[in-house]
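Down below is the structure, laid out as structure tokens.
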Amino acid sequence: MLRQVLQIGSRRSYSYKSVRRPNASAVSGARNQELQLEQKPASEPQAKGHDKISLSKQLRARILATGPITVAEYMREVLTNPQGGYYMSRDVFGREGDFITSPEISQIFGELVGVWLLNEWRKMGSPTPFQLVELGPGRGTLARDVLKVLTKFKLGAEFTMHMVEVSPYLSVAQAQRFCYKHETLPENSQLPHYQFGTTATGIKAYWHRQLEDVPPGFSLVLAHEFFDALPVHKLQLVNDLWQEVLIDVADVQESQSASQSQIPEFRYVMSKAQTPVSRLFKPVPQETRACLEYSLEAERHVDMLAKRLEQHGGIGLIMDYGHFGDKTDTFRGFKQHALHEPLLEPGTADLTADVDFRHIKHVAETNGHIHCCGPVQQGDFLERMQGSVRLEQLLAHALPENQDIIRSGYEVLTDAKQMGARFKFLAMFPAVLAAHLEKYPVAGFS
Ligand SMILES: C[S@@+](CC[C@H](N)C(=O)[O-])C[C@H]1O[C@@H](n2cnc3c(N)ncnc32)[C@H](O)[C@@H]1O
């Protein structure tokens with residue numbers, strides 16, 4: 001089946017833009033070139049300096065008024081505050097931005113994810129209609145590449161697309177990526193989506209602010225580099241009690257010099273008493289760490305996803321960088337492809353924390369209704385999905401001057417020293433399918 005799909009893919013009529021060599025900065029220019037050919041979203045302004053200043057001021061005023069805030073509150077404000085949040089009003093990806101993601105590096109990534117979804121959906125009896133859901137679609141490149149596979153294969157199935165995106169700016173960029181027409185609804189529309197569009201092949205696409213707003217129904221759910229953007233709480237075990245690391249303003253002298261000397265206006269402090277989250281936190285049974293990052297938001301999303309898959313059927317695929325419950329301190333910023341102090345100039349850099357796959361798996365499996373596969377390393381997944389076969393097909397049809405870049409793009413995705421080992425794939429299925437999946441193992445995971 002996989003080989004069949006890949007072969008059909010090789011007779012594609014669409015063309016691939018040339019890409020640059022994927023070292024950290026050049027890779028970011030790769031599929032970025034395509035975006036530059038498209039119309040920039042015109043309806044939202046680019047981020048302005050004063051938004052950033054006001055975000056810093058807002059945070060400072062809030063802390064001075066009500067006391068130190070959690071790292072999760074800080075991260076949420078910095079990334080998604082409607083005025084000045086990092087993701088809200090600009091394209092942060094690629095060479096001009098702060099980081100590059102796998103779907104932007106090589107089309108092989110999105111194609112193989114599409115083939116995987118198609119394969120597993122067929123094994124489930126091709127339930128129709130279904131919903132293709134993506135959490136945090138960025139520029140919409142993964143959705144576009146998956147859509148190409150689904151339409152190329154002429155499923156004969158009805159499906160709709162549902163993007164869960166908090167950023168007004170990126171939602172427009174996504175629609176421009178894979179819709180031939182789209183429309184944003186007025187604020188007071190009362191509908192569960194705020195934007196809708198139609199693809200060139202007539203598929204309806206909807207944009208939602210949160211997963212709760214996606215209609216019920218059999219869903220194929222993708223989340224690539226979404227969970228790492230969800231806020232984390234930093235917890236520490238002190239005298240056998242979980243306490244929380246908070247963020248306070250730095251003292252006056254420090255903040256006065258901050259504007260000149262790049263000293264953060266904020267600092268970490270330990271909570272004096274237990275916070276609501278540190279009090280409610282339940283570590284997994286095998287936990288040995290005395291200091292960790294805990295994402296209540298990730299837990300909430302996995303719980304919601306699990307209930308949805310259990311009640312209405314479907315598949316979830318979480319792809320992200322992360323660990324299996326063994327890292328303690330991964331909260332960091334990224335700006336222009338370099339690490340950035342997260343408490344400095346909030347809103348001007350991406351904030352992220354590695355995903356705790358052990359916790360996600362534990363939450364998904366706890367109620368006994370979800371069967372998880374993985375996590376497995378990205379390099380292994382792509383190789384098992386015959387990425388090398390697809391690479392050879394692409395090379396056979398590529399212009400000589402593009403061959404190096406196509407080859408090195410795939411190497412970046414799969415090489416254990418680059419993205420191949422740090423990035424992991426975790427799949428979620430309704431537990432009623434466990435025996436079926438034992439008999440017909442899930443592709444890419446073994
Ligand atoms: C790191 S980017 C990943 C983009 C894309 N999946 C990729 O790999 O290229 C995170 C995406 O999630 C969106 N996002 C972040 N927090 C969100 C939230 N709480 N709800 C919905 N979308 C969110 C951002 O706007 C952005 O589209």
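Please treat every number below as a calculation from the coordinates, not as lab data. Keep in mind that what you see is a predicted model, and the values were worked out from it rather than measured. Every residue, glycine among them, receives a Cβ derived from its backbone with ideal geometry; neighbour counts consider all protein chains shown.
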222 nm [θ] for the chain, helices only, -39500 (n - 2.57) per DSSP H run of 4+, per residue, to 500? -11500 deg cm²/dmol
Proximal lysines relative to Lys57, as straight alpha-carbon distance under 17 Å, when same-chain residues fewer than 8 apart are discounted: Lys48
Dividing the alpha-carbon radius of gyration of the chain by 2.2 N^0.38 Å, where N counts its residues, gives 0.98
Among the chymotrypsin sites (Phe, Trp or Tyr not before Pro) within region 172-223, which fall in a DSSP loop and have no more than 14 other Cβ atoms within 10 Å of their own Cβ? Tyr180
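Once you've got the Cα coordinates, tell me which of Lys234/Lys439; Lys204/Lys361; Lys204/Lys307; Lys282/Lys307 are over 30 Å apart.
Those over the limit are Lys234/Lys439; Lys204/Lys361.
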Rounded to the nearest 20 debye, what is the charge dipole size of the chain about its Cα centre when +1 sits on each Lys and Arg Cβ and -1 on each Asp and Glu Cβ? 1080
Name all residues of region 117-158 having a backbone nitrogen under 18 Å from the label point set 7 Å from the Cα of Lys181 along its Cα→Cβ direction, giving them as ranges. none
Amide H neighbours of Gln243 under 5 Å, counting only residues 5+ apart in sequence or on other chains, H built in-plane at 1.01 Å? Gln236, Leu237, Val238
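Report, for the chain, the % of DSSP beta bridges that are antiparallel, rounded to 5.
Of the beta bridges lying entirely in the chain, close to 65 percent run antiparallel.
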Search the structure for amide H atoms under 5 Å from the amide H of Met163, placed 1.01 Å from N in the peptide plane, and list their residues when 5 or more places away or on another chain. Glu134, Tyr206, Trp207, His208
Tell me, which longest segment in the chain has none of the GluC sites (Glu not before Pro) that fall in DSSP loops with at most 15 further Cβ atoms within 10 Å? 288-446
Return the single residue from Ala250, Ala298, Ala65 with maximal mean-square fluctuation; model: Gaussian network over the chain, springs between Cα atoms under 10 Å. Ala65
A correct Karplus calculation of ³J(HN,Hα) over region 192-202, with 6.51 cos²θ - 1.76 cosθ + 1.60, θ = phi - 60°, whole Hz and x for Gly and Pro, returns x, 10, 10, 8, 9, x, 9, 7, 4, 9, x
